[in-house]
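One structure below.
The values are calculated or read from the model by the stated rules, or taken from the named source; none is laboratory data. Just so you know, these numbers come straight off a predicted model, no measurement behind them. In this analysis, Cβ positions are derived from the backbone assuming ideal geometry, glycine residues included, and neighbour counts consider all displayed protein chains.
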(Lines give C-alpha, C1' and ligand atoms only; values in the text may rest on other atoms or scores of the structure.)
Protein backbone atom coordinates (compact mmCIF):
# COMPACT_ATOMS: atom_id res chain seq x y z
CA UNK A 1 0.00 0.00 0.00
CA UNK A 2 1.22 3.49 -0.82
CA UNK A 3 1.91 5.15 2.52
CA UNK A 4 -0.08 8.22 1.44
CA UNK A 5 -3.28 6.24 0.84
CA UNK A 6 -5.99 6.13 3.46
CA UNK A 7 -6.10 2.59 4.92
CA UNK A 8 -9.90 2.41 5.21
CA UNK A 9 -12.35 1.48 2.47
CA UNK A 10 -14.85 4.17 1.49
CA UNK A 11 -17.75 1.90 0.61
CA UNK A 12 -19.59 2.28 3.91
CA UNK A 13 -18.81 -1.25 5.07
CA UNK A 14 -15.96 -0.44 7.46
CA UNK A 15 -17.87 -0.37 10.71
CA UNK A 16 -19.86 -3.27 12.02
CA UNK A 17 -19.65 -5.70 9.11
CA UNK A 18 -22.68 -8.00 8.82
CA UNK A 19 -25.31 -6.82 11.32
CA UNK A 20 -26.83 -9.52 13.56
CA UNK A 21 -30.45 -10.56 13.06
CA UNK A 22 -33.07 -8.44 14.74
CA UNK A 23 -31.19 -5.18 14.31
CA UNK A 24 -29.35 -5.53 17.62
CA UNK A 25 -25.81 -4.32 18.08
CA UNK A 26 -23.06 -6.90 17.48
CA UNK A 27 -21.81 -8.41 20.73
CA UNK A 28 -18.04 -8.63 21.08
CA UNK A 29 -16.37 -10.90 23.61
CA UNK A 30 -13.02 -9.40 24.62
CA UNK A 31 -11.02 -12.45 25.69
CA UNK A 32 -7.69 -12.15 27.53
CA UNK A 33 -5.30 -13.54 30.13
CA UNK A 34 -4.41 -17.17 29.54
CA UNK A 35 -1.89 -19.77 30.65
CA UNK A 36 1.25 -18.41 29.00
CA UNK A 37 4.00 -16.28 30.50
CA UNK A 38 2.48 -13.33 28.65
CA UNK A 39 -0.66 -13.36 30.81
CA UNK A 40 -0.14 -9.85 32.20
CA UNK A 41 0.65 -8.37 28.78
CA UNK A 42 -2.57 -9.86 27.46
CA UNK A 43 -4.48 -8.17 30.29
CA UNK A 44 -2.87 -4.82 29.49
CA UNK A 45 -3.71 -5.26 25.82
CA UNK A 46 -7.33 -5.98 26.76
CA UNK A 47 -7.45 -2.83 28.87
CA UNK A 48 -6.54 -0.77 25.83
CA UNK A 49 -9.20 -2.40 23.67
CA UNK A 50 -11.88 -2.16 26.37
CA UNK A 51 -11.14 1.55 26.66
CA UNK A 52 -11.25 2.17 22.90
CA UNK A 53 -14.08 0.01 21.62
CA UNK A 54 -17.19 2.00 20.70
CA UNK A 55 -19.87 0.87 23.17
CA UNK A 56 -22.55 2.76 21.28
CA UNK A 57 -21.85 0.45 18.33
CA UNK A 58 -21.08 -2.83 20.11
CA UNK A 59 -22.23 -4.68 23.22
CA UNK A 60 -19.08 -5.75 25.04
CA UNK A 61 -18.51 -8.64 27.40
CA UNK A 62 -15.14 -9.15 29.07
CA UNK A 63 -14.01 -12.73 29.64
CA UNK A 64 -10.72 -13.57 31.30
CA UNK A 65 -8.78 -16.83 31.32
CA UNK A 66 -6.92 -17.45 34.57
CA UNK A 67 -3.35 -18.71 34.69
CA UNK A 68 -4.74 -22.19 35.33
CA UNK A 69 -7.18 -22.05 32.43
CA UNK A 70 -10.57 -21.17 33.95
CA UNK A 71 -12.79 -18.97 31.73
CA UNK A 72 -14.45 -16.37 33.98
CA UNK A 73 -16.56 -13.25 33.63
CA UNK A 74 -14.17 -10.34 34.10
CA UNK A 75 -14.36 -6.68 35.04
CA UNK A 76 -14.70 -4.62 31.86
CA UNK A 77 -13.22 -1.49 33.49
CA UNK A 78 -10.07 -0.72 31.44
CA UNK A 79 -8.28 0.71 34.50
CA UNK A 80 -8.41 -2.71 36.17
CA UNK A 81 -6.05 -4.10 33.53
CA UNK A 82 -3.44 -1.35 33.24
CA UNK A 83 0.25 -1.84 34.06
CA UNK A 84 0.98 0.80 36.70
CA UNK A 85 4.18 1.39 38.68
CA UNK A 86 5.51 -2.00 37.66
CA UNK A 87 2.37 -3.83 38.82
CA UNK A 88 1.29 -6.51 36.36
CA UNK A 89 -2.46 -7.23 36.17
CA UNK A 90 -3.83 -10.77 36.49
CA UNK A 91 -7.15 -12.52 35.88
CA UNK A 92 -8.44 -13.97 39.14
CA UNK A 93 -11.05 -16.68 39.59
CA UNK A 94 -14.49 -15.07 40.04
CA UNK A 95 -16.40 -18.32 40.78
CA UNK A 96 -18.03 -18.09 37.37
CA UNK A 97 -17.42 -20.29 34.35
CA UNK A 98 -18.05 -19.18 30.79
CA UNK A 99 -19.16 -21.91 28.39
CA UNK A 100 -18.94 -21.54 24.62
CA UNK A 101 -21.64 -22.76 22.21
CA UNK A 102 -21.66 -26.51 21.77
CA UNK A 103 -22.58 -26.76 18.08
CA UNK A 104 -22.73 -25.00 14.76
CA UNK A 105 -25.43 -22.38 14.40
CA UNK A 106 -25.52 -21.80 18.15
CA UNK A 107 -24.01 -18.57 19.41
CA UNK A 108 -25.37 -18.28 22.94
CA UNK A 109 -22.70 -18.23 25.63
CA UNK A 110 -23.66 -19.76 28.98
CA UNK A 111 -22.46 -18.84 32.46
CA UNK A 112 -22.14 -21.25 35.37
CA UNK A 113 -22.15 -19.43 38.71
CA UNK A 114 -21.33 -21.24 41.95
CA UNK A 115 -21.77 -24.56 40.17
CA UNK A 116 -25.22 -23.77 38.75
CA UNK A 117 -26.21 -22.84 35.23
CA UNK A 118 -27.05 -19.15 35.21
CA UNK A 119 -29.13 -17.24 32.69
CA UNK A 120 -27.57 -17.32 29.20
CA UNK A 121 -25.13 -14.51 28.57
CA UNK A 122 -26.58 -14.25 25.05
CA UNK A 123 -25.28 -14.55 21.54
CA UNK A 124 -21.69 -13.55 20.80
CA UNK A 125 -21.02 -12.37 17.26
CA UNK A 126 -17.24 -11.86 17.43
CA UNK A 127 -14.53 -12.95 19.84
CA UNK A 128 -11.56 -10.59 20.12
CA UNK A 129 -8.88 -13.01 21.39
CA UNK A 130 -6.21 -10.78 22.90
CA UNK A 131 -4.03 -13.61 24.16
CA UNK A 132 -0.30 -13.72 23.56
CA UNK A 133 1.90 -16.80 23.48
CA UNK A 134 1.08 -20.50 23.82
CA UNK A 135 -2.51 -21.59 24.57
CA UNK A 136 -3.93 -18.49 22.94
CA UNK A 137 -1.94 -17.12 20.03
CA UNK A 138 -0.66 -20.45 18.71
CA UNK A 139 -3.78 -21.86 17.03
CA UNK A 140 -5.11 -23.77 20.03
CA UNK A 141 -7.68 -21.13 20.97
CA UNK A 142 -8.47 -20.49 17.31
CA UNK A 143 -9.28 -24.18 16.90
CA UNK A 144 -11.62 -24.06 19.88
CA UNK A 145 -13.44 -21.06 18.40
CA UNK A 146 -13.71 -22.84 15.05
CA UNK A 147 -15.30 -25.83 16.79
CA UNK A 148 -17.73 -23.47 18.53
CA UNK A 149 -18.57 -21.87 15.14
CA UNK A 150 -17.70 -18.39 16.41
CA UNK A 151 -16.19 -15.60 14.36
CA UNK A 152 -13.02 -14.11 15.81
CA UNK A 153 -10.48 -11.40 15.15
CA UNK A 154 -7.15 -12.41 13.66
CA UNK A 155 -5.49 -15.35 11.99
CA UNK A 156 -6.85 -18.88 11.81
CA UNK A 157 -5.45 -22.13 13.19
CA UNK A 158 -2.60 -22.77 10.76
CA UNK A 159 -1.34 -19.19 10.43
CA UNK A 160 -1.47 -18.74 14.21
CA UNK A 161 0.50 -21.94 14.78
CA UNK A 162 3.10 -21.09 12.15
CA UNK A 163 3.42 -17.53 13.41
CA UNK A 164 3.97 -18.72 16.97
CA UNK A 165 6.74 -21.21 16.13
CA UNK A 166 9.79 -19.20 15.06
CA UNK A 167 11.33 -22.28 13.43
CA UNK A 168 8.32 -23.11 11.26
CA UNK A 169 7.77 -19.42 10.53
CA UNK A 170 11.28 -18.96 9.16
CA UNK A 171 10.95 -22.06 6.99
CA UNK A 172 7.69 -20.75 5.50
CA UNK A 173 9.08 -17.26 4.96
CA UNK A 174 12.26 -18.52 3.33
CA UNK A 175 10.26 -20.95 1.20
CA UNK A 176 8.24 -17.98 -0.07
CA UNK A 177 11.37 -16.17 -1.22
CA UNK A 178 11.76 -13.78 1.72
CA UNK A 179 15.19 -13.21 3.26
CA UNK A 180 15.64 -14.49 6.82
CA UNK A 181 18.76 -14.55 8.96
CA UNK A 182 20.85 -17.67 9.70
CA UNK A 183 19.59 -19.82 12.58
CA UNK A 184 19.77 -23.24 14.20
CA UNK A 185 17.11 -25.17 16.16
CA UNK A 186 17.41 -27.33 19.26
CA UNK A 187 14.32 -29.57 19.40
CA UNK A 188 12.65 -30.40 22.69
CA UNK A 189 14.28 -33.40 24.35
CA UNK A 190 17.60 -33.00 22.55
CA UNK A 191 20.46 -32.24 24.96
CA UNK A 192 22.49 -29.08 24.40
CA UNK A 193 25.87 -30.81 24.34
CA UNK A 194 29.04 -28.74 24.24
CA UNK A 195 30.16 -29.97 20.82
CA UNK A 196 26.88 -29.00 19.18
CA UNK A 197 26.84 -25.54 20.75
CA UNK A 198 30.48 -24.96 19.80
CA UNK A 199 29.70 -25.85 16.18
CA UNK A 200 26.86 -23.32 16.15
CA UNK A 201 29.15 -20.57 17.41
CA UNK A 202 31.59 -21.43 14.65
CA UNK A 203 28.86 -21.45 11.98
CA UNK A 204 26.82 -18.44 13.10
CA UNK A 205 29.41 -16.27 14.84
CA UNK A 206 28.81 -13.91 17.74
CA UNK A 207 26.68 -12.32 19.02
CA UNK A 208 23.88 -14.89 19.07
CA UNK A 209 20.29 -14.49 20.19
CA UNK A 210 18.83 -17.50 21.97
CA UNK A 211 15.04 -17.67 22.12
CA UNK A 212 12.23 -19.99 23.14
CA UNK A 213 10.81 -21.08 19.79
CA UNK A 214 7.20 -20.51 20.88
CA UNK A 215 7.10 -17.51 23.19
CA UNK A 216 6.81 -13.76 22.81
CA UNK A 217 7.27 -10.47 24.66
CA UNK A 218 11.01 -11.24 24.72
CA UNK A 219 10.48 -13.79 27.50
CA UNK A 220 13.46 -16.11 27.93
CA UNK A 221 15.58 -14.37 25.27
CA UNK A 222 19.29 -13.87 25.82
CA UNK A 223 21.98 -12.10 23.85
CA UNK A 224 25.18 -14.15 23.90
CA UNK A 225 28.48 -12.34 23.31
CA UNK A 226 30.72 -15.04 24.79
CA UNK A 227 30.55 -18.68 23.68
CA UNK A 228 30.90 -19.75 27.31
CA UNK A 229 27.46 -18.27 28.04
CA UNK A 230 25.57 -20.15 25.33
CA UNK A 231 24.61 -23.19 27.42
CA UNK A 232 23.16 -20.98 30.17
CA UNK A 233 21.18 -19.02 27.57
CA UNK A 234 19.72 -22.25 26.18
CA UNK A 235 18.74 -23.31 29.71
CA UNK A 236 17.05 -19.93 30.29
CA UNK A 237 15.08 -20.28 27.04
CA UNK A 238 14.02 -23.80 27.99
CA UNK A 239 12.34 -22.44 31.11
CA UNK A 240 9.69 -21.17 28.66
CA UNK A 241 9.80 -23.76 25.85
CA UNK A 242 11.67 -27.06 25.38
CA UNK A 243 12.26 -26.08 21.74
CA UNK A 244 14.92 -23.40 21.31
CA UNK A 245 16.02 -21.34 18.32
CA UNK A 246 19.49 -19.77 18.08
CA UNK A 247 19.81 -16.85 15.65
CA UNK A 248 22.85 -15.08 14.29
CA UNK A 249 23.09 -11.45 15.35
CA UNK A 250 22.45 -9.10 12.44
CA UNK A 251 23.83 -5.60 12.00
CA UNK A 252 21.06 -3.21 11.10
CA UNK A 253 18.13 -1.14 12.24
CA UNK A 254 15.18 -2.89 13.89
CA UNK A 255 12.08 -1.88 11.94
CA UNK A 256 8.46 -2.95 12.41
CA UNK A 257 5.47 -2.70 10.08
CA UNK A 258 1.78 -3.26 10.75
CA UNK A 259 -0.42 -5.19 8.33
CA UNK A 260 -4.23 -5.20 8.12
CA UNK A 261 -6.28 -7.65 6.12
CA UNK A 262 -8.13 -6.32 3.09
CA UNK A 263 -11.91 -5.98 2.86
CA UNK A 264 -13.91 -8.02 0.39
CA UNK A 265 -10.95 -10.03 -0.86
CA UNK A 266 -8.75 -6.95 -1.38
CA UNK A 267 -5.00 -7.11 -0.76
CA UNK A 268 -3.63 -6.62 2.77
CA UNK A 269 -2.65 -3.09 3.78
CA UNK A 270 0.69 -2.03 5.27
CA UNK A 271 1.25 0.81 7.74
CA UNK A 272 4.11 3.24 7.78
CA UNK A 273 7.03 1.49 9.50
CA UNK A 274 8.27 2.26 13.00
CA UNK A 275 11.68 1.86 14.58
CA UNK A 276 12.78 0.66 18.02
CA UNK A 277 15.95 2.17 19.49
CA UNK A 278 17.14 0.95 22.91
CA UNK A 279 18.77 3.96 24.57
CA UNK A 280 19.45 2.63 28.07
CA UNK A 281 22.75 0.74 28.34
CA UNK A 282 21.18 -1.60 30.93
CA UNK A 283 19.34 -3.32 28.07
CA UNK A 284 21.49 -5.04 25.46
CA UNK A 285 18.37 -5.52 23.31
CA UNK A 286 14.61 -4.91 23.41
CA UNK A 287 13.91 -7.26 26.33
CA UNK A 288 10.79 -7.71 28.50
CA UNK A 289 11.77 -4.99 30.97
CA UNK A 290 12.55 -2.50 28.20
CA UNK A 291 9.21 -3.25 26.52
CA UNK A 292 6.91 -2.98 29.51
CA UNK A 293 8.66 -1.69 32.64
CA UNK A 294 11.25 0.84 31.48
CA UNK A 295 9.66 2.96 28.78
CA UNK A 296 12.22 5.73 29.36
CA UNK A 297 14.98 3.39 28.18
CA UNK A 298 13.50 2.94 24.71
CA UNK A 299 12.65 5.28 21.85
CA UNK A 300 9.83 4.22 19.52
CA UNK A 301 9.98 6.29 16.35
CA UNK A 302 6.78 6.42 14.31
CA UNK A 303 7.15 6.78 11.45
CA UNK A 304 10.73 5.52 11.11
CA UNK A 305 13.17 7.87 9.42
CA UNK A 306 13.70 5.85 6.25
CA UNK A 307 14.14 6.73 2.61
CA UNK A 308 10.89 6.31 0.63
CA UNK A 309 12.30 3.38 -1.35
CA UNK A 310 13.22 1.57 1.89
CA UNK A 311 9.73 2.24 3.29
CA UNK A 312 8.23 0.68 0.17
CA UNK A 313 10.48 -2.40 0.44
CA UNK A 314 9.69 -2.86 4.15
CA UNK A 315 5.95 -2.60 3.41
CA UNK A 316 6.28 -5.05 0.53
CA UNK A 317 8.16 -7.56 2.72
CA UNK A 318 5.55 -7.17 5.48
CA UNK A 319 2.62 -7.86 3.15
CA UNK A 320 4.45 -10.79 1.53
CA UNK A 321 5.16 -12.29 4.97
CA UNK A 322 1.50 -11.84 5.97
CA UNK A 323 0.36 -13.65 2.83
CA UNK A 324 3.05 -16.35 3.03
CA UNK A 325 1.96 -17.41 6.52
CA UNK A 326 -1.72 -17.11 5.57
CA UNK A 327 -2.56 -14.44 8.13
CA UNK A 328 -5.97 -12.83 8.50
CA UNK A 329 -7.01 -9.64 10.23
CA UNK A 330 -3.78 -8.28 11.58
CA UNK A 331 -0.10 -8.92 12.12
CA UNK A 332 3.07 -7.03 12.97
CA UNK A 333 6.12 -7.91 10.90
CA UNK A 334 9.57 -7.24 12.36
CA UNK A 335 12.52 -6.80 10.02
CA UNK A 336 16.12 -5.65 10.02
CA UNK A 337 17.29 -3.09 7.50
CA UNK A 338 21.01 -3.75 7.04
CA UNK A 339 23.58 -1.01 6.38
CA UNK A 340 23.49 -1.85 2.65
CA UNK A 341 19.69 -1.52 2.59
CA UNK A 342 18.71 -5.21 2.55
CA UNK A 343 15.41 -6.06 4.29
CA UNK A 344 15.70 -9.22 6.40
CA UNK A 345 12.49 -10.55 7.96
CA UNK A 346 12.98 -11.45 11.61
CA UNK A 347 9.49 -12.62 12.61
CA UNK A 348 5.75 -12.12 12.30
CA UNK A 349 3.45 -11.61 15.28
CA UNK A 350 -0.16 -12.59 14.62
CA UNK A 351 -1.53 -10.90 17.76
CA UNK A 352 0.81 -8.01 18.55
CA UNK A 353 0.69 -5.94 21.70
CA UNK A 354 -2.35 -3.70 21.44
CA UNK A 355 -2.22 -1.07 24.15
CA UNK A 356 -2.49 2.52 22.86
CA UNK A 357 1.28 2.77 23.42
CA UNK A 358 2.19 -0.43 21.57
CA UNK A 359 3.98 -0.16 18.26
CA UNK A 360 1.23 -1.76 16.16
CA UNK A 361 -1.54 0.81 16.88
CA UNK A 362 1.01 3.65 16.90
CA UNK A 363 2.13 2.75 13.38
CA UNK A 364 -1.46 2.75 12.17
CA UNK A 365 -2.12 6.06 13.90
CA UNK A 366 0.66 7.82 11.96
CA UNK A 367 -0.66 6.12 8.80
CA UNK A 368 -4.08 7.70 9.34
CA UNK A 369 -6.06 5.20 11.40
CA UNK A 370 -6.74 6.13 15.03
CA UNK A 371 -6.74 3.51 17.78
CA UNK A 372 -10.53 3.31 18.20
CA UNK A 373 -11.01 3.12 14.43
CA UNK A 374 -8.40 0.35 14.25
CA UNK A 375 -10.35 -1.69 16.82
CA UNK A 376 -13.54 -1.04 14.85
CA UNK A 377 -11.92 -2.12 11.59
CA UNK A 378 -10.66 -5.38 13.09
CA UNK A 379 -14.12 -6.24 14.43
CA UNK A 380 -15.57 -5.39 11.01
CA UNK A 381 -13.06 -7.69 9.28
CA UNK A 382 -14.03 -10.52 11.64
CA UNK A 383 -17.76 -9.98 11.05
CA UNK A 384 -17.19 -10.03 7.31
CA UNK A 385 -15.36 -13.36 7.44
CA UNK A 386 -17.37 -16.60 7.33
CA UNK A 387 -16.87 -19.35 9.89
CA UNK A 388 -15.51 -22.73 8.84
CA UNK A 389 -13.22 -23.45 5.90
CA UNK A 390 -12.44 -20.42 3.76
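Some observations on this one:
- Screening residue 178 on (1) within 28 Å of residue 302 (Cβ to Cβ); (2) modelled with pLDDT under 95; (3) touching a helix residue (DSSP H, G or I) at 6+ places or on another chain (Cβ under 8 Å) shows it passes everything except condition (2).
Residues checked against (1) in a loop (DSSP other than H, G, I, E, B); (2) touching a residue at least 60 places away in the same chain (Cβ under 8 Å):
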residue	(1), (2)
133	yes, yes
137	yes, yes
144	no, no
155	yes, yes
158	no, yes
161	no, no
167	no, yes
171	no, no
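- Tallying residues that are at pLDDT below 95, part of a loop (DSSP other than H, G, I, E, B) and surrounded by fewer than 15 Cβ atoms within 10 Å (Cβ to Cβ) within region 267-283 yields 4.
- Test: residue in region 65-82 that is in contact with a helix residue (DSSP H, G or I) (Cβ under 7 Å, 6 or more places away or on another chain) and crowded, with 24+ Cβ neighbours inside 10 Å: yes
- Subset of region 188-208 [out of contact with any helix residue (DSSP H, G or I) (no Cβ under 9 Å at 6 or more places or on another chain) and closer than 28 Å to residue 322 by Cβ]: 204
- Here residue 382 fulfils each of the conditions (1) farther than 21 Å from residue 168 by Cβ; (2) in contact with a helix residue (DSSP H, G or I) (Cβ under 8 Å, 6 or more places away or on another chain); (3) surrounded by 20 or more Cβ atoms within 10 Å (Cβ to Cβ) apart from (2).
- Within the option set 247, 256, being in a strand (DSSP E or B), under 20 Å from the mean Cα position of the chain (by Cα) and either at pLDDT 95 or above or closer than 20 Å to residue 336 by Cβ (or both) holds for one residue only, 256.
- Qualifying positions in region 169-181 - farther than 11 Å from residue 347 by Cβ and buried (at least 16 other Cβ atoms within 10 Å of the Cβ): 172, 178
- Test: residue in region 42-61 that is part of a strand (DSSP E or B), at pLDDT 90 or above and closer than 16 Å to residue 130 by Cβ: yes
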